[in-house]
Amino acid sequence: MTVDPSQRQPVPELALLLIGGSMFFVATVVKWDALFIASIFLCVFAGFAALISTRLSRQSRRTIALATVAGVVLTGVGAVHMVKDASEPVIFSLGLLLYPGGSLALSGFINLVSSRRRKPRSNPPPADFTDRT
């Protein structure tokens, strides 16, 4: 199986997953609940973002921007419902939209930043086919 060399690899997302894992370890050692919760969200968002990032990177810049906005909206809706349903025994809540929304927003943001840094592809100069005999 070969990988297209122009395809963006999910290195930033995997780095964030590693940072989230180390935050999780530190939070369990120092028993800091806020860092523990933040590390779980970072790991989930970065893990799912790594899965969708390569496919999203093949899209146009406008599509990536729209996906990022949709991710931010889904994250907001999910966060509001997660807080609202915090004390309720709800299995399927709109709060679950937080996870795909955060992942889509993170992946879109990283793709927008990385596509801005990538050099535009230029076509190679045409070969000189003149006869030199």
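The values are calculated or read from the model by the stated rules, or taken from the named source; none is laboratory data. Note that the structure is a prediction, hence the values are computed from the model and not measured. Cβ placement follows ideal geometry from the backbone for every residue including glycine, while neighbour counts extend to all protein chains displayed. Surface areas here come from the heavy atoms of the whole protein model, side chains and all, with no ligands, DNA or RNA. Shrake-Rupley method; radii C 1.70, N 1.55, O 1.52, S 1.80 Å.
I'd like to check something: does the range 33-40 contain any residue that is open to solvent by less than 40 Å² (accessible area, probe 1.4 Å) and either more than 16 Å from L106 (Cα to Cα) or touching a Gly at 6+ places or on another chain (Cβ under 7 Å) (or both)?
The answer is yes, given that some residue of the range 33-40 is open to solvent by less than 40 Å² (accessible area, probe 1.4 Å) and either more than 16 Å from L106 (Cα to Cα) or touching a Gly at 6+ places or on another chain (Cβ under 7 Å) (or both).
Among (1) open to solvent by less than 40 Å² (accessible area, probe 1.4 Å); (2) modelled with pLDDT under 95; (3) over 18 Å from Q9 (Cα atoms); (4) not hydrophobic (A, V, I, L, M, F, W, C), which single condition is Y99 missing?
The single condition Y99 does not satisfy is (1).
Out of S53, S60, S39, S87, I need the residue that is over 14 Å from the mean Cα position of the chain (by Cα), closer than 19 Å to Y99 by Cβ and among the polar types (S, T, N, Q). Which one?
Exactly one of S53, S60, S39, S87 is over 14 Å from the mean Cα position of the chain (by Cα), closer than 19 Å to Y99 by Cβ and among the polar types (S, T, N, Q), namely S39.
Among the residues of the range 74-99, how many are part of a helix (DSSP H, G or I) and in contact with a helix residue (DSSP H, G or I) (Cβ under 7 Å, 6 or more places away or on another chain)?
13
Would you please list the contacts, defined by Cβ atoms under 8 Å and residues six or more apart or on different chains, that run from a residue in the range 88-102 that is free of Cβ contacts under 8 Å to residues at least 60 places away in the same chain and more than 15 Å from F45 (Cβ to Cβ) to a residue that is among the aliphatic types (A, V, I, L, M) and open to solvent by 30 Å² or more (accessible area, probe 1.4 Å)?
S93/M82; L94/V77
When you check S53 against the structure, is it among the polar types (S, T, N, Q), under 16 Å from L104 (Cα atoms) and touching a residue at least 24 places away in the same chain (Cβ under 8 Å), yes or no?
In short, yes.
Return a yes/no flag: does the range 14-22 have any residue that is among the polar types (S, T, N, Q), at pLDDT 90 or above and either closer than 19 Å to P100 by Cα or over 15 Å from the mean Cα position of the chain (by Cα) (or both).
Looking through the range 14-22, at least one residue is among the polar types (S, T, N, Q), at pLDDT 90 or above and either closer than 19 Å to P100 by Cα or over 15 Å from the mean Cα position of the chain (by Cα) (or both).
Could you check, for the range 63-70, whether at least one of its residues is touching a Phe, Trp or Tyr at 6+ places or on another chain (Cβ under 6 Å), closer than 23 Å to L112 by Cβ and part of a helix (DSSP H, G or I)?
Yes, the range 63-70 contains at least one residue that is touching a Phe, Trp or Tyr at 6+ places or on another chain (Cβ under 6 Å), closer than 23 Å to L112 by Cβ and part of a helix (DSSP H, G or I).
Which of the residues belonging to the range 41-62 are open to solvent by less than 90 Å² (accessible area, probe 1.4 Å) and among the hydrophobic types (A, V, I, L, M, F, W, C)?
Selection gives F41, L42, C43, V44, F45, A46, A49, A50, I52, L56.
Name the single residue, out of those in the range 20-32 being without any contact (Cβ under 8 Å) to a residue 24 or more places away in the chain and in contact with a Leu (Cβ under 7 Å, 6 or more places away or on another chain), that is least open to solvent (accessible area, probe 1.4 Å).
A27
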